[in-house]
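Just so you know, all these numbers are worked out from the coordinates, no wet-lab data involved. Being a predicted model, the structure only gives us computed values, none of them experimental. Don't worry about glycine lacking a Cβ; one is built from the backbone with ideal geometry, like all the others, and counts go over all protein chains shown.
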RNA sequence: GCGCGCUUAGCUCAGUUGGUUAGAGCGACUCGUUUACACCGAGUAGGUCGUGGGUUCGAAUCCUACAGCGCGCACCA
């Protein structure tokens with residue numbers, strides 16, 4: 001054949017053209033696929049946070065999911081990959097607040113409506129930007145079904161489910177100790193705090209006849225209950241409820257003895273005073289004994305009037321001053337300077353979380369977790385890698401109620417009214433309630449928004465149009481949820497719970513979890529370290545195909561991946577190798593292919609085809625078992641080191657043979673192996689394979705093709 | 001404290017249900033410009049598979065103890 005291909009493959013010339021071709025074919029949309037595509041295969045894309053640009057992790061998500069979808073599409077499934085974008089509540093609000101800070105502004109000086117509008121503009125901008133970036137990875141998702149987490153129908157579903165939960169008694173609003181971030185001025189769920197070990201001073205203080213120990217003297221102003229274990233022999237002369245008078249930080253007080261089994265007799269002195277407003281253990285003790293609770297620290301992290309002379313001072317500044325005073329009063333017994341303990345911090349800004357009592361909306365989790373535990377234990381959901389199953393079960397079995405209220409504007413408003421008189425919270429999705437049903441008082445609109453995971457937990461069925469849509473009926477439950485191992489609790493476990501509760505079905509049959517994408521040295525990427533890799537820089541430099549297969553080969557699910565540029569570069573070379581293989585094969589073929597395609601194979605060539613089929617069987621097996629890291633490596637190895645290095649080298653003699661049978665057999669063998677390699681490589685390297693495929697002299701397209709004869713590799717049959 | 005991982009060639013990692021001389025990529029070294037490709041080809045070196053014990057005809061693979069590293073969860077003041 002005459003050949004017009006250059007010696008070097010140029011991704012830039014090819015990629016945009018090919019993506020356009022795919023998109024225009026309509027095959028991203030399952031409804032447009034040819035007749036043979038009957039059984040649905042569905043992946044809901046984890047909605048991409050619309051608060052920045054695509055990062056390396058997105059590159060991995062888009063690649064793995066596209067591999068799954070392209071493979072199943074070629075195997076004849078009716079494939080739906082539903083793309084989505086996420087308003088990403090708190091995450092986005094944090095990003096935006098940082099931007100405000102840089103501009104010397106603050107959200108606390110802004111009208112909430114104005115702030116909301118600004119963040120909305122910011123998000124919509126990012127959304128547009130990201131939508132332009134996703135195709136650069138080659139993602140064959142169905143853009144006609146794209147969803148955004150703030151779409152009207154999504155919000156409607158979320159409201160309905162919230163109302164249902166309220167009716168089922170799964171929602172309550174209560175005064176409990178919550179995690180308060182003093183910087184972000186919102187409560188956070190337990191998952192949004194990070195435990196950090198640190199070394200602090202541990203102060204032993206004289207409290208009447210007792211010595212108590214604390215790391216937080218600034219909370220001790222209001223401590224008027226002293227607690228010990230009922231079985232502690234050392235303190236058996238003190239009786240529960242007994243009053244004692246003692247000198248404390250700001251003068252004489254009367255303390256009450258409380259006996260409670262929560263006390264660890266072996267820790268410290270076995271005696272402690274409690275601060276129920278700022279500690280959940282203390283809160284529980286206070287609840288058990290019906291004790292008074294008093295706020296000591298305000299929501300900004302400053303001391304309240306109960307602290308007397310220290311009022312208005314921040315915790316950090318107050319602590320040494322208080323210790324100084326205690327010392328001068330002779331109440332400081334000793335200081336242990338090596339006290340190792342764990343403090344909770346805001347996972348975004350690392351501010352120390354200040355526990356506070358606050359009225360918040362909670363979801364009762366035990367009734368939701370139990371069916372999920374059963375389903376997972378029954379093996380209805382496959383976890384890849386499997387150990388995530390244990391991790392999930394462990395979390396589900398120890399689950400605690402979920403605070404879903406956030407004091408931020410960016411998110412879905414909680415549809416409820418709050419009674420101004422008695423503080424009752426009333427779920428009101430239709431905005432009809434104007435009088436408190438409990439006390440008859442006036443009500444105000446709730447201003448808190450939902451934890452973003454409350455709505456994303458409902459994403460698989462909400463995005464498909466639960467409960468009445470055709471899509472929901474056809475594509476739910478979905479097949480695979482592919483997402484980051486990091487959000488196994490935040491998202492995966494909650495989707496399972498929500499889905500079972502709302503639809504009675506599992507949301508997906510398989511969970512495939514990938515690890516973190518790290519930099520070449522194996523370090524976590526962060527803007528402050530300056531080691532962030534922009535995936536689009538790599539696709540620009542080495543081509544998208546090289547980026548994709550480089551990301552997948554050797555990357556076992558669940559383990560983090562060091563993204564080395566050299567590796568991507570290596571696969572660019574592979575792309576070029578493939579390109580030249582195609583050039584060689586095409587050069588070796590005659591202009592008229594009709595005899596070649598029907599030509600019988602010599603036993604020697606037949607053996608090569610048989611060996612190819614054995615390899616393909618193995619690769620198909622790996623694909624079915626989600627071992628893409630192995631499948632990719634095998635097809636790479638076959639193409640380069642079997643096909644190019646051996647089969648093609650040996651074919652040169654055959655092609656030069658005097659015997660026409662040997663020549664045509666070799667030609668047929670070459671085109672068949674090349675075609676098979678292209679098909680098998682297509683999920684990993686879609687652009688170059690599609691481009692080469694379009695140049696091959698092939699059989700006429702099968703008659704049932706909906707595309708009127710366009711030879712798109714994308715919908716060809718998978719070999720084997 | 002409880003739980004989950006990881007430890008294999010200089011580096012990054014595979015090794016699927018235990019089975020012949022343990023693999024790949026990158027890197028190193030030697031040779032080679034043969035007309036598909038130097039983004040190439042032919043070849044070489046390099047590992048007591050973290051340590052000790054056990055199961056087995058046979059273990060990198062299963063069990064157990066220990067060590068080192070990483071991560072998650074937890075209300076020890």
Grab the beta carbon distance between residue A:580 and residue A:469, set R0 = 51 Å, and tell me the FRET efficiency rounded to 0.05.
0.55
Burial-style ranking of A:519-527, A:185-193, average other-beta-carbon count within 10 Å with highest first, yields A:185-193, A:519-527
For A:503, A:196, A:273, which order do you get if you count the other beta carbons within 10 Å of each Cβ and list the fewest first?
A:196, A:503, A:273
Taking Cα atoms, how many degrees apart are the long axis of helix A:56-74 and the longest axis of chain A, rounded to 10 and kept between 0 and 90?
50
Per residue convex hull volume, Cα atoms of region A:104-192, in Å³
202
For chain A, share of DSSP beta bridges that run antiparallel, in % to the nearest 5
70
Over every pair of different alpha-carbon atoms in region A:501-615, take the mean of 1/r and invert it; report that Kirkwood radius in Å.
18.6
Kirkwood Rh over Cα pairs of region A:214-318 into Stokes-Einstein at 10 °C, 1.306 mPa s: D in µm²/s?
110
Once fully extended, how much extra length lies between residue A:185 and residue A:377, figured as 0.36 nm per residue of separation less the alpha-carbon to alpha-carbon distance?
65.2 nm
Quick one: length gained pulling residue A:531 to residue A:442 fully straight, 0.36 nm per residue minus the C-alpha distance?
26.6 nm
Taking R0 as 22 Å, what's the FRET efficiency between residue A:650 and residue A:613 from their Cβ-Cβ distance, rounded to 0.05?
0.75
Helix A:565-588 sits at what angle to the longest principal axis of chain A, using alpha carbons and giving 0 to 90 degrees rounded to 10?
20
For A:410, A:248, what's the fewest-to-most ordering of other Cβ within 10 Å of each Cβ?
A:248, A:410
Output the relative contact order of chain A, whole-number percent, from Cα pairs under 8 angstrom with separation of 6+ residues.
17
When ranked by the protection proxy of mean other Cβ atoms within 10 Å per residue, highest first, what sequence do the peptides A:214-222, A:337-345, A:351-359 form?
A:214-222, A:351-359, A:337-345
Gap separating the Cα centres of region A:561-611 and region A:330-352, nearest whole Å:
64
One finds, for residue A:201 and residue A:128 with R0 = 56 angstrom and r their Cβ-Cβ distance, a FRET efficiency to the nearest 0.05 of 0.60
Taking 0.36 nm per residue of separation between residue A:250 and residue A:420 and subtracting their Cα-Cα distance, the length gained on full extension comes to 57.7 nm
Would you list the P(r) distribution for chain A, with all Cα-Cα distances sorted into 20 Å bins from 0 and each bin expressed as a whole %?
15, 39, 28, 13, 4, 0
Hypothetical label at residue A:215: residues of region A:156-200 whose amide nitrogen lies under 12 Å (7 Å Cα-Cβ projection):
A:195-200
Where does each of A:121, A:622, A:448 land when they are ranked from fewest to most other beta-carbon atoms within 10 angstrom?
A:121, A:622, A:448
Starting from the coordinates of the alpha-carbon atoms of region A:83-241, obtain the Kirkwood hydrodynamic radius over all distinct pairs and give the value in Å to one decimal.
21.8
The rounded separation in angstrom of the Cα centers of region A:630-682 and region A:203-258 is 85
To the nearest 10 degrees, the tilt of helix A:494-503 (Cα long axis) against the first principal axis of the alpha carbons of chain A is 80
Please compute P(r) over all alpha-carbon pairs of region A:597-702, binned at 5 Å starting from zero, and give each bin as a whole-number percent.
2, 12, 21, 22, 20, 14, 7, 2, 1, 0
Once you sort the root eigenvalues of the Cα gyration tensor of region A:392-505 as a ≥ b ≥ c, which label holds: rounded (a/c under 1.5), prolate (a/b larger than b/c) or oblate (the other case)?
prolate
Ellipsoid equivalent to region A:455-505 - semi-axes via the Cα gyration tensor, in Å
20, 11, 9
Beyond 18 Å, what share of the Cα-Cα pairs of region A:163-271 remains, rounded to the nearest whole percent?
65
What relative contact order, as a whole-number percentage, does region A:67-179 give when Cα pairs under 8 Å and 6 or more residues apart are counted?
39
Each label sits 7 Å from Cα toward the beta-carbon; between residue A:520 and residue A:279 the label points are separated, in nm, by 5.1
Using a simple spin-label model with points 7 Å from Cα along the Cα→Cβ vector, what separation in nm is obtained for residue A:31 and residue A:433?
3.9
So what is the 222 nm mean residue ellipticity for chain A from helices alone, if each DSSP H run of at least 4 adds -39500 (n - 2.57) and you divide by all residues, rounding to the nearest 500 deg cm²/dmol?
-12000 deg cm²/dmol
Going highest first, how would you order A:281-293, A:505-517 by mean Cβ packing within 10 Å?
A:505-517, A:281-293
Between residue A:24 and residue A:510, what is the label-point separation in nm under the 7 Å Cα-to-beta-carbon projection?
3.4
Percent of alpha-carbon pairs separated by more than 11 Å within region A:610-649:
60
